1. Does residue B:442 satisfy being outside any loop (DSSP other than H, G, I, E, B) and within 25 Å of residue B:470 (Cβ to Cβ)?
2. Residue by residue through segment B:60-83, note down the ones that are of a type in the set (Lys, Arg), assigned to a loop (DSSP other than H, G, I, E, B) and within 21 Å of the chain's Cα centre (by Cα).
3. Under the condition of being farther than 24 Å from residue B:143 by Cα and at pLDDT below 95, which residue from segment B:395-425 is farthest from the chain's Cα centre (by Cα)?
4. Considering only segment C:7-41, how many residues are farther than 19 Å from residue C:90 by Cβ, surrounded by 24 or more Cβ atoms within 10 Å (Cβ to Cβ) and within 16 Å of ligand 1 (Cβ to nearest atom)?
5. Considering only residues that are crowded, with 23+ Cβ neighbours inside 10 Å and either out of contact with any Ser or Thr (no Cβ under 8 Å at 6 or more places or on another chain) or part of a loop (DSSP other than H, G, I, E, B) (or both), which ones fall in segment C:79-88?
6. Go through segment B:312-339 and give me each residue that's surrounded by 21 or more Cβ atoms within 10 Å (Cβ to Cβ), within 9 Å of chain C (Cβ to nearest Cβ) and either in a loop (DSSP other than H, G, I, E, B) or of a type in the set (A, V, I, L, M) (or both).
7. List every residue pair whose Cβ atoms lie under 9 Å apart, where the two residues are 6 or more positions apart in sequence or sit on different chains, the first residue falls within segment C:453-480 and is closer than 9 Å to residue C:423 by Cα, and the second residue, located anywhere, is of a type in the set (Lys, Arg) and at pLDDT 80 or above.
8. Could you go through segment C:36-43 and let me know if any residue there is among the polar types (S, T, N, Q), away from ligand 2 (no atom under 16 Å from the Cβ) and without any contact (Cβ under 8 Å) to a residue 40 or more places away in the chain.
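The values are calculated or read from the model by the stated rules, or taken from the named source; none is laboratory data. Remember, it's a predicted structure, so these values are computed and weren't measured experimentally. Reconstructed Cβ throughout: ideal geometry from the backbone, glycine too, with neighbour counts over all protein chains shown.
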Amino acid sequence: MAMNLSKEEVLKIIFLARLSTKEENLDQMINDFNNVLNYVDALSKVNVDNIEPLAHVHESYNIYREDVCGNGLTTEEALLNTSDRSGSFIRVPLIIEGES
Amino acid sequence: MTNLHELSLKQLRTGLDNKEFSSKELTEHSLARIASHQELNAFINVTPEIALAAADVADQKIKNKDVKSLTGIPLAIKDLILTKGIKTTCASKFLENFVAPYNATVIEKLLAEDAVIVGKTNLDEFAMGSSNENSAFGPVKNPWNHTKVPGGSSGGSAAVIAAGLVRATLGTDTGGSIRQPCSFCSITGIKPTYGRVSRYGVTAYASSLDQVGPMAGNVEDLAVMLNALCGKDPLDATSVSLKTPDFTKNLGQDLKGLRVGMPKEYFIDGIQAEVRSAVENAVKQLESLGATVVPVSLPNTEHAVPTYYIIAPAEASSNLGRFDGIRFGNRATGCETLEDLYCESRSQGFGIEVKRRIMMGTYVLSSGYYDAYYLKAQKVRRLVKNDFDKVFAKDCDVIASPVTPTTAFDLNSRVSDPIQMYLNDIFTIPVNLAGLPALSVPCGFDQNNLPIGLHLIGKAWDEETLLKTAFAYEQSTEWSKKNCYK
Amino acid sequence: MFIEDYEIVVGLEVHAQLATQSKIFSGASATFGGNPNSHVDSVTMGLPGCLPVPNKKVIESAIKLGLALNCQIRNYNRFARKHYFYPDLPKGYQISQFEEPICEHGHLNITVDDMVRNIGITRIHMEEDAGKNIHDSRTNASLVDLNRAGVPLLEIVSEPDLRSPEEASVYLRGIRQIIRFLGIGDGNMEEGSLRCDANISLRPRGSLKFGTRTEIKNINSFKFVEKAIFYEATRQLKILKEGGVIIQETRLFDSATETTRSMRGKEGAADYRYFPDPDLPPLHIEESWIQEIRSKLPILPHQKKVELVESYGLTDYDASLITSERENLEFYEEVYSACKNAKLACNWMTSELFGFLNKNGKHLKDSPVSAKNLGQLIKLIDQGILSGRMAKDVFEEMFETSKTPEAIIEEKGLKQVSDPKEIINIIQKVISECPDQVRDYLAGKEQVFGFLVGQVMKNSGGKANPKLANEALKSELQKLME
Ligand SMILES: [Mg+2]
Ligand SMILES: [Zn+2]
């Protein structure tokens, strides 16, 4: 089923991943992407009938914690690396309704 | 004191406890060697003040006979692991100035043993790579030969031991990132069973595959380090409640009755001949130590690399979503819209290989492709795991193989060919897919004096057998005693 | 409900915050409010390396609600990541549940216009709340506060079974009532601890096929549920009647204008890339755990209502009023257990107490009259120690001072005279002071009796037990006749 994605399709992926479509070496990126995609397409021929997907390797379950507070950060610790602040808020460009 | 860097952790412990030298002297020695080996580019950040202050505290404790396993011993940490108050860059431009506000659990554990942390080692950006060339802070050189790569992604953590700058380090292993650089640098390192060591505070690359592990100059040191790191962490739901054995306890036991499996899929054409013969000789050596060798088959081995390059990028694309430039990390300036801020901050901050994997991961999870790629890969992952389960259930106790198909390759020789680079991890990747423990121990050199590693894979939770086997092998050969110290 | 030839079809997605101490996946405080970015930790901030660990109370709350809404609890369920970029979503994904939610296939019965309707519950799943963005167009910036990020939510998704704005509103109130009865959340729409999105479509009467739907977001009060649905249905009707087509889209309800408007761009770009969260091992809900939770479930409002009508003899209306809120019921039960008179307890609570609370702008939880004291007051009436009139005075005093009825009676010497001897003394005095009226009564003018009772009450200073006084007067007068 190996099939190259068009530039337009790859650009959609780039935006979905919030990378820039204005990359310098965009053509190289698209080319590499298609090469790797063709490589992993090798799996399409593997027979996996009746095989359950493996998401958690040790099949452990029911790991939870009690409802207790602790291990918090102060506002200053939490915002230690925040470059754009307004008081204890984090600032971002004005969000236009419906964006994202 | 010039040979302090040649002592093992055990010897350092004795020397410190007997006041033959102080932690301060030891730490200063380590810092001096780091300073005189800058051309390796193995550290991203060295923290002399913090290290010397910790050494002073350690000396006081030694004076008071309040001694733990690592009291006063200098260690270095892969810069993927968060250290409170110290920069943690993940070798990414995105996190160039990121100061962690909390410690990873493994750091807390090392500090609880009074270890002295001297700095943060270089790596492939976000642990994505096999050569340490994908670092925003430049590649690391292999101490054995400066024109070669040290391996990756824990390249810095391997190089600093090989060069005799510190005696033990932390690395992380998602597809071979501890074992492959160990093999390239003639040191030893273990990827524990998935769930054995907490991932809390370790920047996630591929959450279902990542595991922290120690790297050291010899197997006994490795066991000492592993003792300090293991255990259930309430902050990591995937860490497992199991009693941590004393990993040094079985070292020195003989190998009678041990069954060593040799998977035919791991001894294939295309492996460098010297690598193959070194590993075959190592297996013979194990046989002479009492083990029996059995041929085994892991038929799904060939599917492991493509499986990995679907699962790991998928998880990575998700894990790296938090690097959006808003709360921490690189924030592009002059962006008028939120979308611009996201795209520019990320595009500026991430290197090419990270972008490749984010794109691939985004694609394989996207609507319409999930079943064909991600779900399919998860099913093949089970096939790979089933292969191991089967042979461990009836055929053997450990599996022996090469760590990598070749010895260390030339810097810049593979960066432009991602698939060629990916194939480097063909023998290490299946282990992560199956969640098993595995280690690398030196087993020879090629004609260019480049190191070769023996790969030992164990049953889940059976690090003890791996260490016992590696220790017996190491003690019966000279490979681990060879060094390239300058 | 039909508008002209069309039927309205509505399904609700309700988000209910859970009243836990800590967040769903970490130990940061889940308390409402606080200074911006003060209820946070590494997990809330989405810092590198942090990992989620689920809060057991959230899982238990989900099971409780699932049982109360007649759901099947999935033995195997797990968390999934839902990806999108937004400043209030620190990790770039929301931890939610996707293909394997904890509860499925439930229902809630609602009564509208005396008709009982069975509303299907498709699923209930656990997820984390997002933070808050405050928009400041003056400085051309939005401000992010992550205190709410990671607060536990249950999302309750209904089948498209609702057929009118009113049904939707009754359904939503029913969900809220159960959440409050279970004590798992406070269901406060104004504070945002209960939120509701509505999927609305129209179809020709009699048609079985659903029309194209729109999803209305931002309905943030009970008042607006009906208004938003009504507006949207009307808007769709207009389009359909003009021969147009409905565009499947997300629309925002504007409470100022009571209209909805399109959130352009939201649909085409969204690709949430769900996958099972590798950081969170799946949950296996054992039958024994479900049974344990079931055995501790409080009696639910609809069950209690039946009991109040059938065993306590309350009217349907009163029973609804008392079971409308968990606090009401708890208060009522305490009043009842102190007085053992179901009807009086209900009357005093719903008319006197609610009346006074209303007048004083107070909530039941701040009532100066405790349930126990109100029950005690009713008991005193029941025992004939206080007359109804006296009790009203005592109640007023209780409301002002929070004192027990006994203390007030003691202070004011208000105790009712129920000693027959004392009453007979008073009666004899009245008979001797009012010879004319007594004669008239004996001559057959029975209406004079009321006057004589009044005199007895007056002479006792209002304290005579009216029932006893009545009976005793009758028998004394009878004696005179013989
Ligand atoms: Mg929803
Ligand atoms: Zn939701």
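1. yes
2. Matches in segment B:60-83: none.
3. B:417
4. 3
5. C:79, C:87
6. Those that are surrounded by 21 or more Cβ atoms within 10 Å (Cβ to Cβ), within 9 Å of chain C (Cβ to nearest Cβ) and either in a loop (DSSP other than H, G, I, E, B) or of a type in the set (A, V, I, L, M) (or both): B:314, B:320, B:323, B:324, B:326, B:327, B:328, B:329, B:338.
7. Listed by first residue and then by second, the contacts come to C:456/C:429.
8. Residues of segment C:36-43 that are among the polar types (S, T, N, Q), as a first pass: C:37-38, C:42.
If we keep only those that are away from ligand 2 (no atom under 16 Å from the Cβ) too, we end up with C:37-38, C:42.
The next check asks that each one be without any contact (Cβ under 8 Å) to a residue 40 or more places away in the chain; those that pass are C:42.
Yes, that holds for at least one residue.
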